[in-house]
Structure formats: C-alpha cells, structure tokens
Amino acid sequence: MFHTAATASVPSPMPRHYIPHGAGPCFFMDWQPADEWYALKDYLASVQQRLPRVPKAIVVISAHWLEAEFTVLTQAQPQLLFDYYGFPEATYQLTYPAANDLQLTDTIVQRIQGAGLRVNTDAERNYDHGVFIPLLLMFPEAQIPVVQISLRQDLDPAAHIQLGQALASLAEEDVFILGSGMSFHNMRGYGDPHYTAASQQFDQWLTDTLCLPVAERNAALANWQQAPAARLCHPVGAEEHLLPLMVVAGASGQPAQKAFSQLQLKTQISAFEFG
C-alpha cells in the first residue's frame, strides 16, 4: 500500500517517463516483418532496471482514456479492457493482475483538487491496453500497485501540464509517473515513407524542447501545434497520444533525455525520461 510517512528517507525523486506503447498488442503476436517491434520491446523491458529502485506504486496516464474531466480509476482490482480489435485470439487472453492503491487514489484526487483542477473518480473502469501492454514488459510480475488517470477530452495541453504539476510531488514519495502514448500518431502515416521526414522534424523539435529550462519548455509544449510538422504527426482532435508527455513534463522540474528512438512503421518514435 501507499504510505507517505515512510518516504522521508528516499534519497532522490523517482524518474518520470514518457514511453511509446506500440501498436495494440504488437509485442505479443507475430508481425511482418518479424523484428518490427523488437527494439522497442527490449527498451520497455529495460525500464525497471533503469530506475534507481523498485517504485512503491505506478501512476499511468494512458492515451486510451479520455473523460470530460480528469478522472482517477478507483476500482480496487481492475481487470483488463481489451480496447483493440481484429488481433489474434491469444492477445485477448493476456493477464495483468496488478492491484490499485486506494489510499494513493485519495491522495491524487486531493492534489488535483488542490491545484484548482476538476477531478472525478471511476470505480468501474478497467486498465486499457495503454496500461497493461507496456507494463507486461516493464513490470511483468504485476506486484506493484497501478493507478490510472485519464486525459481530458478537450485535449488542452496547458491543462495536462497543470495536471503533471499537481502530481509532481508523488515522485518524491517513490511513485513512478508514466505517460503512455506515441510521439507520432497519425494512423494514415504509419507505413508511409512520405511521413518519415515529417516525423523526424517533429521528433527533433520534441528533443530540443524537452531540454529547455522548465518555464520555457512548458510554454513551448503548451503551443506544440506550432512545431514543425506538428499536425502531420498528430492531426487535429487526435493528439491524445502526445498529451501523456505533457503530464510527465509538468511533473518534472528537470530536463529530459531521449532514452529510445527508432523508425517504427517508417515514422520516428521516441521515449523520453525526466529526472
């Protein structure tokens, strides 16, 4: 369970990560070409070793949950929401029996409210594939409590940065904050070499921006639509896969480093880690 009183001796904040979660259950099925997702799979499998210690809890902001207001999952033992379609039957038999942490969910609700943001709770929803697919690789034992928080349907980047700022102190309490999305997410662009250059332009902008001083970085992220090729990479009204990055950036006062980057389906996809 989550106990704030026990964290006074933690020597340094837990890092915050933004990761690409791949295409549906891509890591757990045959793919053509077979090695398309090998490198990203290996990176995700390395994340636990990249952390300074095992976190006490994981807070996931997934691209696959949007609500009118920020919403915290409060079901005690969530099941899996197989929100992908047309994949092999075996991918609907995956399990990830992690428990929620209801003490932590209460803390999160209080901190979001304390930041002046509206917040709801949902005691019925299950973990979507933006949660369980990467966690099956990152923390396969499923022994660490997992709390999920939704995005907001208005897709306001500044509000998502504010959400991250409200969550920032959790990293000092040994909670791992994880943004799960895709740094390029235009369904028409995957597999199309015409989008390669655009994805690389936007990826370079992200890389440069995330190294800026915090105030400058957050201002640039709030206006990400002005970045080179931004709307080719994240079409209007479909930027939900980028917004978990805004939350993670808001939760950190440190610059990010690019931890993984590769052409996936002919588009540049990257992961970023914040101190």
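Among Gln162, Gln148, Gln201, the largest mean-square fluctuation in a Gaussian network model of the chain (Cα springs under 10 Å) belongs to Gln201. Remark: spin-label model distance Asp42-Lys266 equals 2.5 nm, labels positioned 7 Å along the Cα→Cβ axis. If you plug the beta carbon distance of Ala68 and Trp31 into 1/(1 + (r/R0)^6) with R0 = 35 Å, you get a FRET efficiency near 0.45. FRET efficiency for the Gln226 to Asp192 pair, using the beta carbon distance and R₀ = 22 Å, is estimated at 0.40.
In this structure segment 16-274 gives 39 Å² per residue of accessible area when probed at 1.4 Å with all protein chains present. Simple point charges give the picture: +1 on the Cβ of Lys and Arg, -1 on the Cβ of Asp and Glu, and for segment 16-274 a dipole about the Cα centre of about 420 debye. Give me the percent of the accessible area of segment 16-274 that comes from carbon and sulfur atoms, probe 1.4 Å, all protein chains in place. Reported share for carbon and sulfur atoms: 50 percent. A simple spin-label model places pseudo-atoms 7 Å from Cα toward Cβ; at Gln77 and Gln143 they are separated by 1.9 nm. Modelled this way, with points 7 Å down the Cα-to-C-beta line, the labels at Phe87 and Leu212 are 3.5 nm from one another. The heavy atoms of Met187 present about 130 square angstrom of accessible area, all protein chains included, probe 1.4 Å. Here is the size of the chain from its Cα atoms: Rg then Dmax, 17.4, 53 Å.
The values are calculated or read from the model by the stated rules, or taken from the named source; none is laboratory data. Please read all numbers here as calculations on a predicted model, not as lab measurements. As a convention, Cβ positions derive from the backbone with ideal geometry for all residues, glycine included, and neighbour counts pool all protein chains shown. The area values use the complete protein model at the heavy-atom level, side chains included, leaving out ligands, DNA and RNA. Shrake-Rupley method; radii C 1.70, N 1.55, O 1.52, S 1.80 Å.
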